[in-house]
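First up is the structure itself, then whatever we jot down about it.
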């Protein structure tokens, strides 16, 4: 299911965040108003709406949350400015959010396995001098490599390079109007 309105709002706010027009706190506020039904972006996955939502929303929120330091308010300028590589990925994400493409990638949890550890897992990690944790990290790294091989990962969130190329022809920005003279 594609939610065009929320995709466009998310793209709009992401664009403003990534070029430093709004702060991270303003970005989160806008998302809570326009995209996440009042949930903080990093907690939206817990909401009832997330279970039936456009599948691109949660991966986009996770990507966004990793762009800034949420312990202080700041804009992504000067020392906090994003790298050119990050901006390229964000531009591709914004292009995807303006597309009519379904998100085809399966969900992949990029969080450190330590965040999912139970008390039992912590005890085992301590008793094994961290071997248990290292094994979990290696499993996650292998799973991520398998995930990347499912499609053309260099064009994520597009699943295939051809989808990306097609959307570039239909891009909503900087499109020259063709007029008949």
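The values are calculated or read from the model by the stated rules, or taken from the named source; none is laboratory data. None of the values given here were measured: they were computed from a predicted structure. Every residue, glycine as well, gets a Cβ built from its backbone with ideal geometry; the counts of neighbours run over all protein chains shown.
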Test set (1) exposed (fewer than 12 other Cβ atoms within 10 Å of the Cβ); (2) in contact with a helix residue (DSSP H, G or I) (Cβ under 6 Å, 6 or more places away or on another chain) - residue 131 fails condition number | (2)
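Pick out the one residue from 101, 160, 145 that is modelled with pLDDT of 95 or more, surrounded by 13 or more Cβ atoms within 10 Å (Cβ to Cβ) and out of contact with any helix residue (DSSP H, G or I) (no Cβ under 8 Å at 6 or more places or on another chain). First the steps, then the outcome.
Numbers: 101 fails: out of contact with any helix residue (DSSP H, G or I) (no Cβ under 8 Å at 6 or more places or on another chain); 145 fails: surrounded by 13 or more Cβ atoms within 10 Å (Cβ to Cβ).
Step by step, each of 101, 160, 145 is checked, and only 160 is modelled with pLDDT of 95 or more, surrounded by 13 or more Cβ atoms within 10 Å (Cβ to Cβ) and out of contact with any helix residue (DSSP H, G or I) (no Cβ under 8 Å at 6 or more places or on another chain).
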Restrict the check to the range 41-51 and report whether at least one residue is touching a helix residue (DSSP H, G or I) at 6+ places or on another chain (Cβ under 6 Å) and touching a residue at least 24 places away in the same chain (Cβ under 8 Å).
-> yes
Determine whether the range 11-19 contains at least one residue that is at pLDDT below 95 and in contact with a helix residue (DSSP H, G or I) (Cβ under 9 Å, 6 or more places away or on another chain).
-> no
Filtered residues of the range 54-75 (kept if out of contact with any helix residue (DSSP H, G or I) (no Cβ under 6 Å at 6 or more places or on another chain) and part of a loop (DSSP other than H, G, I, E, B)) | 54, 55, 56, 66, 67, 69, 70, 71, 72
Is it the case that the range 30-42 has a residue that's surrounded by fewer than 17 Cβ atoms within 10 Å (Cβ to Cβ), within 25 Å of residue 143 (Cα to Cα) and either assigned by TED's automatic domain parsing to the domain that holds residue 170 or touching a strand residue (DSSP E or B) at 6+ places or on another chain (Cβ under 7 Å) (or both)?
-> yes
Residue list for the range 15-40, filter: without any contact (Cβ under 8 Å) to a residue 12 or more places away in the chain and in a loop (DSSP other than H, G, I, E, B) | 38, 39
